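Written out below as structure tokens is the structure these notes cover.
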Amino acid sequence: MSRYLMDKYQPLVAYTPGEQPRDMQYVKLNTNENPYPPVPGVTEAVMAEAGRLELYSDPVCIDLRDALAARYGVARQNVFVSNGSDDILNFAFMAFGSPRAYFPDISYGFYPVYAGLHGIDAHPVPLRSDFSIDPTDFMALDGFIAIANPNAPTGMALEVSQIEDILQANPDHVVLIDEAYVDFGAESCVPLTAKYDNLLVVQTFSKSRSMAGARLGFAIANEGLIADLEKIKFSTNPYSINRMTLAAGLATLKADDACMANCQRIIDTRQATVARLRQMRFEVLPSKANFVFACHPHADGGFLYRQLKARGVLVRHFDSPRIKDFLRITIGTPEQMQTLFEALGSILEG
Ligand code: PMP
């Protein structure tokens, strides 16, 4: 840190992304990427745009927003797009988070970081002992609410009716539902955006649409909230999505059935993974995401993480009190999961 950093940023603890090591080829099950490549047509669309990089991208992203509006049965004014859903979460905390924000204590690690960045008082709300969210803890609060549904890293989801109760109980505050993993089996709140002007649904192309490296996220909400997000985006970086990513997003939506078919393959692999891990005596939380959260009664989480890494399999381990025994394991291809099972088998035998 230099002496020039503004005082207000000095205590900031930045987010730590999952590791992307370069020392060897790993089976990468640590950052919830999609194991399948972008769907047909995406690479060609990106290559075509690569020859036009002398021109700025469309700051209002009309074509992509129209395609998303058609896909989700809303209007263009209900759709916001930006550089990854992280960008949108940041804007949402900046726009709607003051003076205080509530979110589950075990959830996406970026929420407290955004709160810190924008001087917002963070109120983590403890999960129940079974790691579920208790919706009654989110009733009639005096601030912004952010809930990942399904939650990360647990993978557990609330019902839409439970989220509707939260929306009704907090009419004067924005409720952000982070649906980064919704396409892997949870129910989306997008239909509720027609009814509640305080609901902001955020999704991403990173997981279900195999575009993590392109950085593309979107939000669906009442047009007032979308206009607010546009104002923040146009006050920071109007060209936050580059031409190639815009083209990739459009091409991906044209082949959306292929994306959803990949999600179904991942759901099937998840079911097989849960069964196999339980056979190995792991406790596995019920997941509606493209990862599972699991712990073993006789093996320390940090130990398993290190042993797996030594065998070329990367998973995510969080060294924080309530979840230090758990591993978050991304669902890869059936072949990748087989490598994981073999590695776990040999570690647990030892
Ligand atoms: N929300 C949740 C719950 C996540 O786990 C992630 C992925 N790290 C994101 C949002 C951000 O995804 P992206 O910026 O790639 O859209």
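Worth pointing out:
- When the Cα positions of His296, Gln279, Ile241 are compared along the charge dipole of the range 224-350, Ile241 comes out farthest toward the positive end, with charges on each C-beta of Lys, Arg, Asp and Glu.
- Amide hydrogen neighbours beyond the local backbone of Met211, cut-off 5 Å, H modeled: Ser206
- Cα-based convex hull volume of the range 99-203 per residue, rounded to whole Å³: 91 Å³
- Annotation note: GluC sites (Glu not before Pro) in the range 37-109 located in DSSP loop regions with a Cβ neighbour count of at most 16 within 10 Å are Glu54.
- At q = 0.06, 0.11, 0.16 Å⁻¹, base-10 log of I(q)/I(0) for the chain (Debye sum, equal scatterers on each alpha carbon): -0.22, -0.76, -1.50
- At an R0 of 45 angstrom, the distance between the Cβ atoms of Arg128 and Lys195 translates into a FRET efficiency of 0.95.
- Derived scalar couplings between HN and Hα for the range 177-186 equal 10, 8, 9, 3, 10, 5, 6, 9, x, 8 Hz in order, rounded to whole Hz, by the Karplus curve 6.51 cos²θ - 1.76 cosθ + 1.60 (θ = phi - 60°), x for Gly and Pro.
- Rounded, prolate or oblate (a/c below 1.5 giving rounded, otherwise prolate when a/b exceeds b/c) for the range 1-99 by Cα gyration tensor: oblate
- Accessible heavy-atom area order of Ser57, Ser161, highest first, probe of 1.4 Å: Ser161, Ser57
- In loop segments of the range 218-301 as defined by DSSP, the chymotrypsin sites (Phe, Trp or Tyr not before Pro) with at most 15 further C-beta atoms inside 10 Å of their C-beta are Phe234, Tyr239.
- Proximity of backbone amide H atoms, modeled 1.01 Å from N, is registered between Val125 and Phe103, Asp105 at under 5 Å, excluding neighbours fewer than 5 places apart on the same chain.
- The gain in end-to-end length when the Ala140 to Arg100 segment is fully stretched comes to 13.1 nm, 0.36 nm per residue minus the alpha carbon separation.
- Area accessible to solvent at Cys189, 1.4 Å probe radius, in Å²: 0 Å²
- When a 1.4 Å probe is rolled over the protein heavy atoms, the share of accessible surface on the chain that falls to carbon and sulfur comes to 52 percent.
- In sequence order, calculated HN-Hα J values of the range 337-345 (Karplus, 6.51, -1.76, 1.60; Hz; x Gly/Pro): 5, 4, 4, 4, 4, 5, 5, 4, x
- 10 Å beta-carbon shell around Ala180, net charge (K/R +1, D/E -1): -3
- Charge tally in the Cβ shell below 15 Å around Pro37, where Lys, Arg are +1 and Asp, Glu are -1, Pro37 excluded: +1
- Per-residue SASA entry for Met47, accessible area with 1.4 Å probe, Å² rounded to 10: 130 Å²
- Where the chain is the region considered: accessible area per residue in Å², 1.4 Å probe: 45 Å²
- Bridge type composition, the chain - antiparallel percent by DSSP, nearest 5: 50 percent
- Across the chain, the mean sequence separation of Cα contacts (distance under 8 Å, 6 or more residues apart), normalised by length, yields a relative contact order of 23 percent.
- Highest-fluctuation residue, Ala101, Ala275, Ala67 considered, GNM on the chain with Cα pairs under 10 Å: Ala275
- In this label model, Met24 and Ala169 are separated by 5.0 nm, measuring between points 7 Å along each Cα→Cβ vector.
- Note on Thr245: accessible area approximately 10 square angstrom, rounded to 10, probe 1.4 Å, nucleic acids and ligands left out.
- Evaluating 6.51 cos²θ - 1.76 cosθ + 1.60 at θ = phi - 60° for every residue in the range 261-266, the Karplus couplings come out as 5, 4, 4, 5, 4, 5 Hz, glycine and proline recorded as x.
- Nearest-20 debye value, the chain charge dipole, Cβ charges on Lys, Arg, Asp, Glu: 860 debye
- When Rg and the Kirkwood Rh are both derived from Cα coordinates, the Rg/Rh ratio for the range 186-240 amounts to 1.02.
The values are calculated or read from the model by the stated rules, or taken from the named source; none is laboratory data. Keep in mind that what you see is a predicted model, and the values were worked out from it rather than measured. Ideal geometry is used to build each Cβ from the backbone, glycine not excepted, and the neighbour counts take in all protein chains shown. The protein model used for the area step is the full one, side chains on, heavy atoms only, and it has no ligands, DNA or RNA in it. Shrake-Rupley method; radii C 1.70, N 1.55, O 1.52, S 1.80 Å.
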